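One structure is given here, and the rest of the page talks about it.
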Amino acid sequence: MQNMIIAIDGPAGSGKSTIAKQLAKKLKIEYFDSGSVYRCLTLYGMNHFNQSCEGYESEIAQCFLKNPGLLEIRYVDHRQTLLLEGEDPSKRIRSRDVTRQVRFIASNPECRDVVNAKMRSLAKTHCFAIDGRDIGSVVFPETPYKIYLDADVEVRAKRRALEMGIELNSAEYKQLANEIQQRDQGDRNRTIAPLILAEGAKKIDTTKMTVDDVVKLLLDWIDSNPNN
Ligand code: CDP
């Protein structure tokens, strides 16, 4: 039988990572941030190939295939720890530059295979709440616990600005809101593994909900799942 996988998909700022972390804590399982792995491939490409990864996607994937140790994913005290070429990339992968370039990596099938293989291999030994764009539709379509979170784009931009310490209504905020919209479009319209509502997924609009509301609703839903 497969280990428990809670697949949480949705656009940026819909609450995926906050909710996934809380569910993982309550259920005593691990949290897996699949976006951080796409970000690691992007950072590697920017460092070794070109400031823009565009055009180098296959070569970047080949590097990770040939040398799987380039990116290590470990769990220390229930915290996902990443080591990219032996160093902690967690701050650098959140830069705006990486966020802008990640679409090239995310729309390349070979790069997606690299990331998916990492997730599937770890899922053999761990139970996870995983957030991303295609976790319920492509990576773990067989899990009975598929969730799709959404929220109005303005609310999502405000949440992200708060996280990043960006003042609302500033020029930087407007740029951030624009980038979120563009990334949404890219994620929804790409041909490979687009962001869609997976079959059988529970869809929640978190626009007017608190984190506690969403977590409670989902814990009840997981509890009442016939697969338990
Ligand atoms: O947290 P945020 O929404 O900013 O993004 P993320 O989860 O860190 O993911 C960054 C980007 O990686 C997304 O915009 C997607 O293009 C891509 N991604 C993906 O294609 N598939 C996933 N399972 C996770 C992320």
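Within the range 6-20, track down each residue that is more than 8 Å from the ligand (Cβ to nearest atom) and either among the charged types (D, E, K, R) or out of contact with any helix residue (DSSP H, G or I) (no Cβ under 7 Å at 6 or more places or on another chain) (or both). Across the range 6-20, the qualifying residue is only 20. For the range 21-47, taking the residues that are within 10 Å of the ligand (Cβ to nearest atom), in a helix (DSSP H, G or I) and touching a residue at least 60 places away in the same chain (Cβ under 8 Å), the one that is surrounded by the fewest Cβ atoms within 10 Å (Cβ to Cβ) is identified as 35. Condition check for residue 166 on (1) part of a helix (DSSP H, G or I); (2) closer than 18 Å to residue 13 by Cβ; (3) within 14 Å of the ligand (Cβ to nearest atom): one failure, at (1). Checked against (1) surrounded by fewer than 20 Cβ atoms within 10 Å (Cβ to Cβ); (2) part of a helix (DSSP H, G or I), residue 137 passes all but condition (1).
Report yes if some residue within the range 87-95 is away from the ligand (no atom under 15 Å from the Cβ) and surrounded by fewer than 14 Cβ atoms within 10 Å (Cβ to Cβ); otherwise report no.
Quick first cut of the range 87-95, residues away from the ligand (no atom under 15 Å from the Cβ) only: 87-88.
If we keep only those that are surrounded by fewer than 14 Cβ atoms within 10 Å (Cβ to Cβ) as well, we get 87-88.
Checked the range 87-95: at least one residue is away from the ligand (no atom under 15 Å from the Cβ) and surrounded by fewer than 14 Cβ atoms within 10 Å (Cβ to Cβ).
Taking (1) more than 16 Å from the ligand (Cβ to nearest atom); (2) under 18 Å from residue 119 (Cα atoms); (3) not in a loop (DSSP other than H, G, I, E, B) in turn, residue 2 satisfies each apart from (3).
Would you point out which residue out of 129, 106, 161 is surrounded by 19 or more Cβ atoms within 10 Å (Cβ to Cβ) and over 14 Å from residue 35 (Cβ atoms)?
On the way: 129 fails: over 14 Å from residue 35 (Cβ atoms); 106 fails: over 14 Å from residue 35 (Cβ atoms).
Selected residue: 161, the only one of 129, 106, 161 that is surrounded by 19 or more Cβ atoms within 10 Å (Cβ to Cβ) and over 14 Å from residue 35 (Cβ atoms).
For residue 129, the conditions (1) in contact (Cβ under 8 Å) with a residue 60 or more places away in the chain; (2) closer than 11 Å to residue 9 by Cβ are fulfilled apart from (2).
No lab work stands behind these numbers, since they all come straight from the coordinates. All figures in this text were calculated on a predicted structure; none of them were measured in a lab. Neighbour counts are summed over all protein chains in view; Cβ atoms, including those assigned to glycine, are modelled from backbone coordinates with ideal geometry.
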